[in-house]
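Read-outs throughout are calculated quantities, based only on the coordinates presented, and are distinct from any laboratory measurement. Please read all numbers here as calculations on a predicted model, not as lab measurements. All Cβ positions, glycine included, derive from the backbone under ideal geometry; neighbour counts span all protein chains shown.
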Amino acid sequence: MTTDEQTSSLKKYRVLIFAIAVAILVVGAILIAVAIIQSQAVTAQEPEKVNALANSDNECVVCHKRTTPGIVEQYGHSTMAGAEVLCEDCHEVDADYPGASEHEGTYVLNSPSSAMCDSCHVSEVAQFKSSRHALPAYVAYAGATVLTPEQLDEYGAVPEGSFNPDRSRNALYHLEGEAITKFACEDCHNIGKPAADGSTGQCSKCHLRHEFSLEQVRKPETCNHCHIGPDHPQWEIYQESAHGIAYATGGDEWNWDAEPGTLTVSDLPAATCATCHMSGFGGAGTTHDTGDRLTWYLFAPISERRPAWQDNATRMQSVCSECHNENFIKTFYTDADAAVEAVNAWVAESNEIVQPLKDNGLLTAEPFDETIDFTYFNLWHHWGRTAKFGVWMQGPDYVQWHGAYEILHDLAELREMAAEKLEAAGIAPSAE
Ligand code: HEC
Ligand code: HEC
Ligand code: HEC
Ligand code: HEC
Ligand code: HEC
Ligand code: HEC
Ligand code: HEC
Ligand code: HEC
């Protein structure tokens, strides 16, 4: 080998070694980058919620880990289990307690009543009991005659309870029969059903047992079990509102577990059902009285103002004002009030159309046995309410095509039906 040849092969080696070194550096850098990204992903994940019951030697827990592991698992991850609230605190009662059943050497309630929660959550239970979610919801299908004297007092004390303008839905309950209504009216309205011990309501209709999760109860899907459908489509309206769109597109990132009473716009950047109606937000304190921020009886055929409606408006508007300016909110309320009056006028018109039939005995005594009963009912119960709810919760399609348009259609049909009935009876329609 000449020296020239030696230097050239040395050069080749140097190039080769350089190339290998570069390759090692590049691969190393990639590996380090991947490791960093992975470690960041791990720290960004929520810390695993601890199972407070993992090592419990409580006898209910030990045995139920075998018989109903799902319940123990759920409850183990709740804040209450972490705060050492026991199965017994909700379930265990004395032998003579109404509804008690004998169980493994003690007595339990299979379905703990709100009286059990009341021993620790006095204000939530009291607020709940003064809302329409309590006895008014139950009376709406069962009637007030089934209440005990104490329950009658409690019902009378709900400011919105005695406002029960229409009994015809009660009539539907009886018409349809128990085989159906057990799965219909009762499923929703039992939120206010009294328990065997006389205490009111089923907290677990919203706080799905046994997790008692704030995230679950704050999300609008919780409310949509009941606030849905042609007569109270609050869920559908919410979905098409700006608030609902913000929730659907960004809600995964929101801080759902913030301590109650501390919620701000950085936790929830747009409103949910709970934000506007229940959560402590802005100047409004957390409440289980869902009527506390409302100004109208929107569900009524013809809406009237609620007692103390100005105070209620102040509370609701203090929620809005965390995200909207005062002028925007005042204008919105003025416009929405005018829309309620417009719907009221249409429903009043439907009453005027039907009145001569009532006066002349041309409607059958039975409710819901002829087409006109349904048209007259749908006009306010579906379309009138839908239009009003759509206005207040920003669902333009519900104000328009499921609202005002259907009202106009039903008014036209009612006029025709009424004229036909009067004509058939030989009575001249009133001059109009
Ligand atoms: C030795 C085992 C054991 C112990 C201890 C035990 N349970 Fe149970 N429990 C069961 C079994 C088995 C069932 C029936 C499960 C089923 O039907 O699937 C049951 C059912 C229940 C039910 C539902 C009853 C119904 O009919 O709906 C409740 C509530 C309950 N237990 C609560 C408790 C509480 C509270 C404790 C502690 C005070 C407790 N259990 C202790 C075994 C036990
Ligand atoms: C904070 C109150 C609370 C605590 C604590 C609690 N439960 Fe319950 N539990 C309820 C409520 C409320 C219901 C009824 C829900 C319903 O009927 O829909 C229920 C129902 C049940 C049932 C019957 C439901 C079914 O599907 O079979 C069982 C069994 C039960 N609980 C076991 C337990 C056990 C075991 C513990 C402890 C690990 C426990 N519970 C702790 C409130 C509680
Ligand atoms: C023995 C007392 C006791 C009973 C009975 C009880 N709770 Fe609680 N509850 C607590 C405590 C303590 C906390 C935790 C407070 C905290 O740490 O923020 C709590 C928290 C809660 C929370 C908030 C959970 C969270 O993540 O912040 C809900 C919801 C709740 N309870 C519902 C109920 C319901 C519904 C019942 C009846 C079925 C009930 N509780 C019965 C003591 C009780
Ligand atoms: C999907 C759940 C659901 C079903 C099923 C249901 N309701 Fe309701 N009902 C509601 C909700 C939610 C409201 C409240 C609407 C509002 O305030 O805007 C309501 C309101 C009412 C009201 C007006 C409140 C009052 O006190 O005057 C009556 C009466 C009523 N329902 C009776 C019935 C009857 C009777 C049935 C069965 C034939 C029934 N409901 C079926 C959820 C339901
Ligand atoms: C209509 C649905 C609904 C019903 C019914 C309901 N809750 Fe709640 N509850 C909520 C919501 C939503 C929150 C969270 C409020 C917030 O955003 O801070 C909550 C929060 C709570 C808290 C935590 C409050 C705090 O300030 O720490 C307790 C305790 C509680 N509920 C108990 C009950 C009890 C007891 C009942 C039955 C009497 C009940 N709830 C019925 C929806 C409901
Ligand atoms: C299990 C069914 C059910 C669930 C779940 C439910 N509601 Fe209701 N809600 C009702 C019924 C029934 C009424 C009407 C009661 C009556 O007949 O007077 C009602 C009435 C209301 C009202 C009107 C109160 C008034 O004074 O007029 C508001 C607001 C409301 N609910 C908000 C909510 C919110 C927010 C949620 C979810 C966090 C929710 N509801 C979950 C059944 C339910
Ligand atoms: C941006 C705030 C906001 C959101 C989000 C919101 N609501 Fe409302 N809601 C209102 C206002 C405002 C009214 C009418 C207030 C009045 O009467 O002054 C209303 C009215 C109602 C009523 C009618 C009560 C009656 O008089 O018949 C019910 C029921 C209701 N909301 C339930 C819900 C449910 C369920 C959701 C979620 C699916 C929801 N709301 C979302 C603000 C809101
Ligand atoms: C937590 C924040 C938050 C709260 C509370 C809130 N909003 Fe909104 N709102 C928003 C966001 C975000 C939008 C969509 C963004 C936009 O339109 O600029 C919006 C949009 C609206 C719109 C539609 C505006 C348009 O230009 O189409 C109306 C109307 C409205 N909100 C009314 C209300 C009322 C009334 C309340 C109180 C009852 C309320 N909001 C409470 C955040 C909120």
Checklist entry - Between Glu73 and Glu304, what is the label-to-label distance in nm when each label sits 7 Å out along the Cα-to-Cβ direction? => result 5.3
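Using the crude model of +1 on Lys and Arg Cβ and -1 on Asp and Glu Cβ, and no other charge, please compute the dipole size for the range 286-385 relative to its Cα centre, in debye to 20.
On the way: 7 positive and 16 negative charges, 70 e Å.
Value, rounded to 20: 340 debye.
Please pull out the direction-averaged projected area of the range 152-220, using the convex hull of its alpha-carbon atoms, in nm² to one decimal place.
Values: hull surface 26.8 nm².
Quarter of the Cα hull surface area: 6.7 nm².
Of the GluC sites (Glu not before Pro) in the range 63-127, which ones lie in a loop per DSSP and count no more than 13 other C-beta atoms within 10 Å?
The qualifying sites are Glu84, Glu104.
With +1 on each Lys and Arg Cβ and -1 on each Asp and Glu Cβ, and nothing else charged, work out how big the dipole of the chain is about its Cα centre, in Debye to the nearest 20. Don't skip to the end; give the middle numbers.
On the way: 26 positive and 62 negative charges, 306 e Å.
The dipole magnitude comes to about 1460 debye.
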Checklist entry - List the GluC sites (Glu not before Pro) in the range 310-404 that DSSP assigns to loop (not H, G, I, E or B) and whose Cβ has at most 14 other Cβ atoms within 10 Å. Which are they? => result Glu370
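Calculate, in nm to one decimal, what Ser119 and Asp257 gain on full extension: separation in residues at 0.36 nm each, minus their alpha carbon distance. Show your work: numbers first, answer last.
Working: separation 138, 0.36 × 138 = 49.68 nm, distance 2.40 nm.
Full extension from Ser119 to Asp257 adds 47.3 nm.
In whole percent, what relative contact order does the range 59-110 give with Cα contacts below 8 Å and a gap of six or more residues? Working shown, then result.
Numbers: 38 pairs, mean separation 11.9, N = 52.
Across the range 59-110, relative contact order equals 23 percent.
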Next on the checklist: If you average the C-alpha positions of the range 203-261 and of the range 55-99 separately, how far apart do those two centres end up, in angstrom?
Outcome noted: 27
Checklist entry - Using a Gaussian network model of the chain with C-alpha springs under 10 Å, which one of Cys223, Cys120, Cys273 is most mobile by mean-square fluctuation? => result Cys120
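So for the chain, averaging the separation of alpha carbon pairs under 8 Å that are six or more residues apart and normalising by length, what relative contact order in percent results? Walk me through the numbers on the way to the answer.
Details: 479 pairs, mean separation 49.7, N = 432.
Relative contact order, the chain: 12 percent.
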Checklist entry - Dipole of the chain (Lys/Arg Cβ +1, Asp/Glu Cβ -1, origin at the Cα centre): which of Thr145, Gly177, Asn190 lies farthest to the positive side? => result Asn190
Checklist entry - D for the range 76-148, whole µm²/s, Stokes-Einstein with Kirkwood Rh over alpha-carbon pairs at 20 °C and 1.002 mPa s: what number? => result 149
Item to check | For the chain, calculated [θ]222 nm from helices alone, where every DSSP H run of n ≥ 4 adds -39500 (n - 2.57) | outcome: -16000 deg cm²/dmol
Checklist entry - GNM, the chain, Cα, under 10 Å: largest mean-square fluctuation among Ile180, Ile372, Ile191? => result Ile180
Checklist entry - Build a GNM of the chain with springs between Cα atoms under 10 Å: which of Gly192, Gly282, Gly105 gets the top mean-square fluctuation? => result Gly105
Item to check | Scattering profile of the range 296-432 at q = 0.10, 0.11, 0.16, 0.20 Å⁻¹ [log10 I(q)/I(0), Debye over alpha-carbon scatterers] | outcome: -0.42, -0.49, -0.85, -1.13
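In debye, nearest 20, what is the charge dipole magnitude of the range 122-247 about its Cα centre with +1 on Lys and Arg Cβ and -1 on Asp and Glu Cβ, if you could check? Write out the running numbers ahead of the final one.
Values: 10 positive and 17 negative charges, 10 e Å.
Here the size comes out at about 40 debye.
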Next on the checklist: On a straight-distance basis, which aspartates and glutamates could pair with Lys65 in a cross-link, Cα separation under 14 angstrom, same-chain partners fewer than 8 positions away excluded?
Outcome noted: Asp57, Glu73
Next on the checklist: What whole-number distance in Å separates the alpha-carbon centres of the range 358-377 and the range 393-418?
Outcome noted: 19
Checklist entry - For the charge dipole of the range 59-110, defined by +1 on Lys and Arg C-beta atoms and -1 on Asp and Glu C-beta atoms about the Cα centroid, which residue among Thr68, Ala100, Ala81 has the Cα displaced farthest towards the positive pole? => result Thr68
Checklist outcome for this item: Contour minus Cα-Cα span, Ala424 to Ser162, at 0.36 nm per residue, comes to 90.3 nm
Next on the checklist: Taking the alpha-carbon distance from Lys193 and a cut-off under 19 Å, which lysines remain once sequence neighbours fewer than 8 residues away in the same chain are dropped?
Outcome noted: Lys129, Lys182, Lys205
Checklist entry - What percent do you get for the relative contact order of the range 239-432 when only Cα pairs under 8 Å and 6+ apart count? => result 17
Item to check | Positive dipole terminus of the chain, leading residue within Ala425, Cys90, Tyr238 (C-beta point charges) | outcome: Tyr238
Checklist entry - Per Stokes-Einstein, at 25 °C and 0.890 mPa s, what whole-number D in µm² s⁻¹ belongs to the chain, with the Kirkwood radius over Cα pairs as the hydrodynamic radius? => result 93
Checklist entry - Beyond 20 Å, what percent of the Cα pairs of the range 113-205 remain? => result 33
Checklist entry - In nm, to one decimal, how far is the modelled label at Glu370 from the one at Glu221, with both set 7 Å along Cα→Cβ? => result 4.7
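Estimate the FRET efficiency between Ile245 and Thr314 by the formula 1/(1 + (r/R0)^6), using the beta-carbon distance for r and 30 Å for R0, to the nearest 0.05. Intermediate results must be reported in sequence, preceding the final value.
On the way: r = 28 Å, r/R0 = 0.92.
E between Ile245 and Thr314, to the nearest 0.05, is 0.60.
Evaluated at 4 °C with a viscosity of 1.567 mPa s, what Stokes-Einstein diffusion coefficient in µm²/s does the range 210-251 have when Rh comes from the Kirkwood expression over alpha-carbon pairs? Show your work: numbers first, answer last.
Working: Rh = 11.0 Å.
Stokes-Einstein gives a translational diffusion coefficient of 118 µm²/s.
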